[in-house]
Each structure stands twice: as structure tokens, then as C-alpha cells.
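As C-alpha cells, the structure follows; a few thoughts come after it.
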Amino acid sequence: MKRKVSLTVNGTRREDEVEPRLLLVHYLRDVAGLTGTHIGCDTSQCGACTVLIGDKAVKSCTMFAVQAQDADVQTIEGLAKGDQLHPLQQAFWDEHGLQCGFCTPGFIMAGVYLLSQNPNPTDDEIRKGLEGNLCRCTGYVNIVKAVRTAAKTMGGQTKQPQATAATAGGD
Amino acid sequence: MIPAAFEYEKAGSVEEAVSLLQRFGEDAKILAGGHSLIPLMRLRLAQPSALVDINGVKELNYVRLEGGKLRIGAMTRHVELQNNDLVRQNVPMLAEIADEVGDNQVRNMGTIGGVLAHADSAGDYPTLALMLEAELVTNKSRYQAKDFFKDVFTTAMAADEVLCEVVFAVANGPHKYIKFRRRLFDWAIVGAGAQKLNGGWRIGLTNVGPMPVRATAVEQALASGATPEQAAEHASDGLNPSGDLRASPDYKKHLARVLTKRAIQQAQGA
Ligand SMILES: Cc1cc2nc3c(=O)[nH]c(=O)nc-3n(C[C@H](O)[C@H](O)[C@H](O)COP(=O)(O)OP(=O)(O)OC[C@H]3O[C@@H](n4cnc5c(N)ncnc54)[C@H](O)[C@@H]3O)c2cc1C
Ligand code: FES
Ligand code: FES
């Protein structure tokens, strides 16, 4: 039986009828038409589907769309302002932080979360912060470099979100 | 893969969750952080007829220190345990373990109650609950950790029972939990924990059998003056782990001994 779900995706309010078994990632791709969020596995391991819910990075393949009722979801499509790329997008470009690009949206969203928690991470902290994302191409070195570069360009702009409850999943 | 169809309701309270479970019958399941259940549903290894979503049950999300006990609501997420000062000060090993469960995305969703109720043999909190003799409180009863875990993926809870709280006695002395794995976010191939408590040692092992293991032979050896090296030789006493893709039974026993030795030594600051 379908159920109504209403949520905000990249600042736009949406309301749709969905089956409870529809995963949030399928909702974003197939219902909202936002195919930047990728699906790389069936086991919640690869992170290609990472989006932000509120200020928290989550794997959108490991949550049902109905759970996102009233949530504020941000996907890779929501990062750029017109033609101006987000500093992390620009840094992935400049530092060659991608090859095939399949993993990139997930890495960038995980990177946005990482820098919101820790605006000046060390390389080890970057690696730990991105542990939930897999890349088959780059060997990670340039991904770490890209996040380091973005941290520099964003210097001072990142706010420290409160270290409290994950409300991801909502109520 | 796409999970099989199911009915879905959100509960606003424990009482409502229980009555929904009763209404849907025994194939219904609680949905907590979803980070064990949803992957199983995607592989169709689990096909619950209904999910009762308790993410909105605020009364299950808290950390309190009361009468010398740390009480933790079942819906408290890994990320909250990692960063909580009460947890860090009173059961620091729990905060350290939470920091190494999965990855940021997993920790933002997964819950302590979900790990305990799921009872995966590679889950980390069940080992801690067992070695620290935690109490698990449901809507119906209170269990000692040793009576709660019955088999792999099996607990003493009934189908309409909801895990509400985990209670730890304060344990803030020397401690170390070591998880052996190939990649940072992997589950433990084997894990070993050591905690100094009330003058003695508590030793626990993860993923060396269907359920968490308390290594009492090691604890006793330490109590009678053995060195960590000598005592840790007993870590594999009585173990009969099954092999899996990542480790043979003998290798797991070897890891149990080596990791136990290192956990005790590192806890001692050696
Ligand atoms: C990539 C990855 C790596 C991971 N690594 C680790 C790791 O290293 N160590 C580790 O311990 N875990 C690990 N996990 C598992 C993670 O911690 C899960 O969050 C956890 O096992 C289940 O908790 P949950 O809140 O997500 O529960 P769910 O997946 O929602 O539920 C799991 C089961 O418990 C039941 N349940 C949940 N809550 C309750 C309750 N309050 N009362 C009664 N029944 C309940 C559900 O019905 C279901 O059967 C990993 C997961 C992933 C995806
Ligand atoms: S698709 Fe791989 S973690 Fe979500
Ligand atoms: S660039 Fe190809 S998977 Fe990462």
C-alpha cells in the first residue's frame, strides 16, 4: 500500500506517494529524478549513495523513503550555486580526485559532512572521515588531497555543528 | 536489490510499538537504525511482514548517570555514544568502541539497542555488555547480558518485546578493545577487550563463536598472578569458532590469544 511522504530535497518541498519498501536512494533517483546519487552495492558498504539529512551524512540506500518524512535532504545536485561549484567539487576537479567518477558524489557529500565536523582535518582524520566510501580507481591519494585543498579554500567558512543527536531518520 | 513488500507504521512510544508488533504478528520487526536490518532485507535474507519504526520514540534516546550506573536508551546512536561526556567518563571503552563501529554514515544512524537486539556474532557492544555484566531492560523484563544472548542473531526477547535500556556499572579504569580487521570500517574478524574493574580483570572476545565470549580462564590466570603473555594463552580455551571467508577457525583462535595479550598490555599502558 502506498503512503504519502513529504520532505525537502535541495531546498524544494516535495510530496509523493511511495511504497514503504522504496529506498530513499531509489526515491531520489527514480521519483525525484536526481541521478547524481549513485548505487554501488547491496550491502551498505560503498557510500556512493551518501546524502545529507539535516547536518548528518547518511547512506540513502540504507533508509526507506517513508523514513524521510519532514526531513531536509541535500544531494550532490544541491551543492553548486548556479555555475559556481562548491569548494569540494572544485577541489576534486583541480586535484584529480576522480577517474571514472562513480564514487565521487558520495565522497563529496561525505567530505561536506567531514569538514562541517572538523574544518581543519589532518590527513589521517580525512581518511577516517571517508572510511565509509569506496573508490575502485584513484587509490584515494588525490581524494585526500582534494579534501585538504577544499578545507583550505573553505577556511573559516565552516561552522561547527552541535555534536548532539543524529536526528537522521526523523520522526 | 529491492526488499520484499511490507507494512510500515511509525510508533511514537514504546507502548505503541509493542501494540503495533502485537497487531502485525510475529513476522513484524522493529526498525531502529536500519543498518543491519535493511541490508538483510535488500538481500532478501530478511522479509519481515511489517516494520515498526521507532526512530521517533524520543523516550528511548538518552544517556543518564543515576546511582552510580550509566543508563543508555536503546535508540542512542553510535555517534552520540562517541561524543557523550557521561559515556567517556564513566564507561570510556563504550565511547571508544562506538567510535570504531562502521563509518560516519553508519554511526549517524545505527543504535546501541539495534546492535544488542540483532546479536550478530561480530557485533562489538554485546561483548562489552557481557564482560561488564550489563543489564538489558525491555518492556517486559530485565536480563543479565549472559542470559540475553542465546545464539547468533538470537536473543531471549519475544517477538513483541522491545529493548528499552542498557545499564552499565561505572567502569573507568584501564581498558582497551582491539578489533582486528582488514579495512577501517569492517566488522571485527576477531575482537578482544580488557577492562580493569574492582581490582580484577574482565576479558571479552568478539566473533569467536555464535555469541560473545567472556574469557574467564584468562581473568583467573591474571588474578593468580600470571603475566599478560601467560594469561592470554588461555584466551582460546574451549573456543570452537567457525571459519568464514576471512579467517579459519585456527586463525581466529590465534587472533584471540594475540589480541587478548595486546589488549591487556595496552590497557596497562605497557
Ligand atoms: C558498513 C557497516 C559496517 C558495520 N560495522 C559494524 C561493526 O564494526 N560493529 C558493529 O557492532 N556493528 C557494525 N555494523 C552494524 C551497525 O552497528 C548496525 O547499526 C547495528 O548492527 C544494528 O543497529 P540498528 O540500530 O541499525 O538496528 P536495525 O538494523 O534497525 O535492527 C537490527 C535488528 O534488531 C532489531 N531491533 C533493533 N532495535 C530494537 C529494539 N530496541 N528492540 C527490539 N528489537 C530491536 C530489529 O528488529 C532488527 O531485527 C555495521 C553496519 C554497516 C552497514
Ligand atoms: S549503495 Fe553502497 S552504501 Fe549505499
Ligand atoms: S573514481 Fe572510479 S570509483 Fe572512484
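The values are calculated or read from the model by the stated rules, or taken from the named source; none is laboratory data. For clarity, every value in this text was computed on a predicted model and none was experimentally measured. Reconstructed Cβ throughout: ideal geometry from the backbone, glycine too, with neighbour counts over all protein chains shown. Note: accessible area is taken over every heavy atom of the protein model, side chains too, but ligands, DNA and RNA are not part of it. Shrake-Rupley method; radii C 1.70, N 1.55, O 1.52, S 1.80 Å.
Could we say that B:Ala235 is crowded, with 24+ Cβ neighbours inside 10 Å, closer than 24 Å to B:Lys150 by Cα and free of Cβ contacts under 8 Å to residues at least 60 places away in the same chain here? The answer is yes for B:Ala235.
Do any residues in region A:72-99 that are open to solvent by 40 Å² or more (accessible area, probe 1.4 Å) have Cβ atoms under 8 Å from those of residues that are acidic (Asp, Glu), where the two are at least six apart or on different chains, and which pairs are they? Correct list of pairs: empty, since none qualify. Of everything in region A:52-66 that is of a type in the set (Val, Ile, Thr) and farther than 12 Å from A:Asn133 by Cα, the residue that is nearest to ligand 2 (Cβ to nearest atom) is A:Thr62. For region B:29-66, residues that are facing chain A (nearest Cβ under 8 Å), touching a residue at least 24 places away in the same chain (Cβ under 8 Å) and not hydrophobic (A, V, I, L, M, F, W, C) total 7.
For beta carbons closer than 9 Å, sequence separation of 6+ or different chains, a first residue in region B:113-126 that is open to solvent by less than 10 Å² (accessible area, probe 1.4 Å) and a second that is assigned to a helix (DSSP H, G or I) and among the aromatic types (Phe, Trp, Tyr), the qualifying pairs are B:Leu116/B:Tyr125; B:Leu116/B:Phe148; B:Ala119/B:Phe148; B:Pro126/B:Phe148. Looking at this structure, is B:Leu163 of a type in the set (A, V, I, L, M, F, W, C) and at pLDDT below 95? Answer is no for this residue.
Can you find even one residue in region A:90-98 that is in a helix (DSSP H, G or I) and closer than 19 Å to A:Gly47 by Cβ? Spell out the reasoning first.
Within region A:90-98, the subset in a helix (DSSP H, G or I) is A:90-94.
With the extra rule that they be closer than 19 Å to A:Gly47 by Cβ, the set shrinks to A:91-92.
Looking through region A:90-98, at least one residue is in a helix (DSSP H, G or I) and closer than 19 Å to A:Gly47 by Cβ.
Within region B:101-112, the set of residues being farther than 18 Å from B:Tyr177 by Cα, open to solvent by less than 20 Å² (accessible area, probe 1.4 Å) and β-branched (Val, Ile, Thr) comprises B:Thr111 only. Within region B:76-100, which residues are hydrophobic (A, V, I, L, M, F, W, C) and open to solvent by 20 Å² or more (accessible area, probe 1.4 Å)? Once the filter is applied, which keeps residues that are hydrophobic (A, V, I, L, M, F, W, C) and open to solvent by 20 Å² or more (accessible area, probe 1.4 Å), region B:76-100 yields only B:Leu86. Quickly run through region A:15-43 and pick out the residues that are surrounded by fewer than 23 Cβ atoms within 10 Å (Cβ to Cβ) and among the polar types (S, T, N, Q). Within region A:15-43, A:Thr35, A:Thr43 qualify. Checked across region A:49-63, the condition of being among the basic types (Lys, Arg) and in the same structural domain as A:Val31 (by TED's automatic domain parsing) holds for at least one residue.
Quick check on my filter: what residues within region B:61-114 are polar (S, T, N, Q) and not in a helix (DSSP H, G or I)?
Of all residues in region B:61-114, those polar (S, T, N, Q) come to B:61, B:76, B:82-84, B:89-90, B:104-105, B:108, B:111.
Within region B:61-114, B:Asn61, B:Thr76, B:Asn84, B:Thr111 meet the criteria.
Among the numbered conditions (1) in a helix (DSSP H, G or I); (2) more than 16 Å from ligand 2 (Cβ to nearest atom); (3) out of contact with any His (no Cβ under 7 Å at 6 or more places or on another chain), the only one that B:Lys140 does not meet is (1). Checked across region A:46-58, the condition of being hydroxyl-bearing (Ser, Thr, Tyr) and within 16 Å of ligand 3 (Cβ to nearest atom) holds for at least one residue. Could you please let me know if A:Gly155 is at pLDDT below 95, within 30 Å of B:Glu16 (Cβ to Cβ) and surrounded by fewer than 21 Cβ atoms within 10 Å (Cβ to Cβ)? In short, no.
Residue count for region B:67-87 satisfying the condition of being more than 9 Å from chain A (Cβ to nearest Cβ) and in contact with a Ser or Thr (Cβ under 6 Å, 6 or more places away or on another chain): 1. Scan region A:102-120 for residues that are more than 17 Å from A:Thr35 (Cα to Cα) and open to solvent by 20 Å² or more (accessible area, probe 1.4 Å) and the total you get is 6. Taken as a whole, the structure leaves B:Leu222 outside the set of residues that are closer than 18 Å to B:Leu132 by Cβ, assigned to a strand (DSSP E or B) and open to solvent by less than 60 Å² (accessible area, probe 1.4 Å). For region A:104-111, the criterion of being within 16 Å of the chain's Cα centre (by Cα) and either away from chain B (no Cβ under 14 Å) or outside any helix (DSSP H, G or I) (or both) is satisfied by at least one residue.
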